[in-house]
Amino acid sequence: MTDFAKLFDYQPEIVSALTKSFKKKRLVHAYLFEGQKGTRKTDAAVYLSALLLCQSDNPPCGVCPNCLKAMNLSHGNIFIVEPENDVIKKDQIEALLHELSSTSLFDGSRIYIIKEAHLMNAAASNALLKFLEEPHPQHYLILLSTQPHLLLDTIKSRVQTFHFNPISKKKMTKNLTDKGIEKDIAYCLAHITSSEEEAEELIKSGEIIDIVALAKDIQKAKNKKQDLYLAFLNRGRFLFGEGILVSHHQMFFDVLTLIVREKIKSVHGDEELFFAECLKNVDKKIETPDELIRQLEVLNKYQERLKYHVNMELLYASMFLEF
Ligand SMILES: [Zn+2]
């Protein structure tokens, strides 16, 4: 079940453009909704479906049976194709085209949604071109994609494209803080992922909380001119434990980088500062702008090495010598 509040919050321009086209009877028969994960492309496809199927005078009302079924993706006139094992095959598209040619059980518009459409293989893409070449008045195709550059040009030239921008980091930080997530952690999450759902998953799995606390400890040790690797080992042994993935180490580097960026911002004295508690005792005579740039370079260099299978203890030991 989806509601449209998030969609209105994230993509007001797209909602307004779709609604306007609908009211002026200027909807086209094929759309491409493209943008990063978490930008509400599926919600927009559901919204367009509800617009087309709603029984009220003011669509989409969100409460009539058709709207409710659209929002549940259970309406008989909505057909969804999803990749299976990271590919959409010709027979999936042919099944869709077969639906098209058969008589509908329900009157009204029929909406075809293809998720991660760039995963169509060549045969599937060519089969889909048939649909695009012979549109039916009441049939609407919505392609969703996070990687539109992988779609055939012949497909892209036959669809109207909407680009879905991610919401600003600032807004996402606020949304997460409004849900009770601690400010610094919300800020980190907004920089680690563009998806609020993924951010909530990361909170549930817990490591991000330890990772942020660890990164703050490192800064506090820096303020006190203590040994950074020891400070790291004090709280950071969980990073060598079971279930820890490269992505967790990546997150740790991302958070350390964010803290250095906040220090750079504080030099300029602008914007709201995060990590205030660990930044209040920074020795600005040592942590000069040049020094902060050097810190970013060290983080960047070692973060690059995470791509290879390296011994993590050795990596941190040498990194904290340089950091
Ligand atoms: Zn309705």
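The values are calculated or read from the model by the stated rules, or taken from the named source; none is laboratory data. Computed from a predicted structure; not experimentally measured.
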> Do you know which residues across region 48-106 are modelled with pLDDT under 90 and among the acidic types (D, E)?
Replying inline: E99
>> For region 13-28, which positions are part of a loop (DSSP other than H, G, I, E, B) and under 15 Å from L53 (Cα atoms)?
In response: K25, L27
